[in-house]
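Structure first, commentary second.
The values are calculated or read from the model by the stated rules, or taken from the named source; none is laboratory data. Treat the numbers as computed from the prediction; the structure is a model and nothing was measured. As a convention, Cβ positions derive from the backbone with ideal geometry for all residues, glycine included, and neighbour counts pool all protein chains shown.
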Amino acid sequence: MNSLPPHLVARPAPVSRGVLHRLRTIGTLPAAILRNVWCARRLRSFPVARFGEFRVEPLAAGTLVAMARLYERLNHRPFAPDKRLLLAMLGSKLALVVRNEASGKVVGLAYYYFNARDRMEGTIHVGYSGVAEDVRGCGLGTFMRRHALANFAASGLGGVSSRISASNGASRRVNEKLGFIIVETYFDDELKELRHYMVCDLNKLRNKFPNGTNQD
Ligand SMILES: CC(C)(COP(=O)(O)OP(=O)(O)OC[C@H]1O[C@@H](n2cnc3c(N)ncnc32)[C@H](O)[C@@H]1OP(=O)(O)O)[C@@H](O)C(=O)NCCC(=O)NCCS
């Protein structure tokens, strides 16, 4: 039988990393949703807090679109459908938005979730945290994270985990100010960069925030 030379043999198109990631996400979605519903059952919804001209509030269904829009602008990528679904279900316990009180504009966001490692280690993971460029450097990012830590500590969680790029000085500084320590440093093959895995032990903070808020 005549066989074709190797360069003429049709090969399946390579599957891109993005497609593989999406397929993996779809496959693991039911388990991720169940894990988050289960782990979040003991979390309180975030209380409202004020920081200068800003109001920090739990994510409500009507704010999800504005939050996703800010995420996409700051992070230059779409807000993933699996995260959208999770926050539509558990937004008030897992996500915060910051508004300018006068204009009502959403200028900050943070969301958290439980991954498999968090479930094992009694922590919750920082999914993303960001504030609009024009309000950075005035303490808002730190306030927002401290507010979340206070609520998680009062809810009885053991800690908060966070993955950051070694090049992200502001993010690392915010974490360090709040007591996170680096427990692992590794090279991320997908992102092609050095990253830190940081953890904040909430047991050390619990007495500091007895009301579940960083405000009196
Ligand atoms: C990370 C981020 C949320 C911080 O918000 P913020 O409101 O500016 O934070 P704060 O003002 O509370 O604190 C920032 C701290 O980082 C420091 N900082 C800023 N840029 C820095 C840099 N390049 N290197 C080191 N430290 C830096 C500031 O001096 C400040 O520390 P200080 O209070 O000791 O002076 C904000 O920079 C951001 O939205 N970045 C883009 C999104 C992002 O990278 N998110 C993290 C991934 S989840």
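General observations
- Conditions (1) surrounded by fewer than 11 Cβ atoms within 10 Å (Cβ to Cβ); (2) more than 19 Å from the chain's Cα centre (by Cα); (3) not in a loop (DSSP other than H, G, I, E, B): number failed by LEU34: (2)
- Single residue of region 62-82 satisfying the filter (within 13 Å of the ligand (Cβ to nearest atom) and in a helix (DSSP H, G or I)) that is nearest to LEU43 (Cα to Cα): TYR71
Conditions tested, residue by residue: (1) more than 14 Å from the chain's Cα centre (by Cα); (2) within 17 Å of LEU59 (Cβ to Cβ); (3) among the aliphatic types (A, V, I, L, M).
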{"residue": "GLY108", "(1), (2), (3)": "no, yes, no"}
{"residue": "ASP118", "(1), (2), (3)": "no, no, no"}
{"residue": "ARG136", "(1), (2), (3)": "yes, no, no"}
{"residue": "ARG145", "(1), (2), (3)": "no, yes, no"}
{"residue": "GLY156", "(1), (2), (3)": "yes, no, no"}
{"residue": "TYR186", "(1), (2), (3)": "yes, no, no"}
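- Flag for ARG163 being among the charged types (D, E, K, R) and part of a helix (DSSP H, G or I): no
- Residue that is farthest from ALA132 (Cα to Cα), among those in region 52-61 that are of a type in the set (A, V, I, L, M), out of contact with any His (no Cβ under 8 Å at 6 or more places or on another chain) and outside any helix (DSSP H, G or I): ALA60
- Selection from region 99-144 of residues that are over 30 Å from ARG35 (Cβ atoms) and in a loop (DSSP other than H, G, I, E, B): GLU101, ALA102, SER103, GLY104, LYS105, ALA132, ARG136, GLY137, CYS138, GLY139
- Matching entry among VAL135, VAL160 (being closer than 16 Å to LYS93 by Cβ and at pLDDT 95 or above): VAL160
- Residues of region 134-165 satisfying the condition of being without any contact (Cβ under 8 Å) to a residue 40 or more places away in the chain and out of contact with any Ser or Thr (no Cβ under 9 Å at 6 or more places or on another chain): ASP134, ARG136, GLY137, THR142, ARG163
- Of the residues making up region 152-174, those that are out of contact with any Leu (no Cβ under 7 Å at 6 or more places or on another chain) and either more than 11 Å from the ligand (Cβ to nearest atom) or over 15 Å from TYR128 (Cα atoms) (or both) are ALA154, GLY156, SER161, SER167, GLY169, ARG173.
- Summed over region 127-151, the residues that are among the hydrophobic types (A, V, I, L, M, F, W, C), surrounded by fewer than 22 Cβ atoms within 10 Å (Cβ to Cβ) and within 6 Å of the ligand (Cβ to nearest atom) give a count of 2.
- Pairing each residue of region 188-206 that is at positive phi with any residue that is surrounded by 17 or more Cβ atoms within 10 Å (Cβ to Cβ), provided the two are 6+ apart or on different chains, yields no C-beta distance under 6 Å.
- Criterion applied to ARG24, ARG42 was being exposed (fewer than 12 other Cβ atoms within 10 Å of the Cβ), assigned to a loop (DSSP other than H, G, I, E, B) and either modelled with pLDDT under 95 or of a type in the set (Asp, Glu) (or both), and the one residue passing it is ARG42.
- Positions within region 1-31 being among the small types (Gly, Ala, Ser) and either under 21 Å from THR123 (Cα atoms) or within 18 Å of the chain's Cα centre (by Cα) (or both), in sequence order: ALA31
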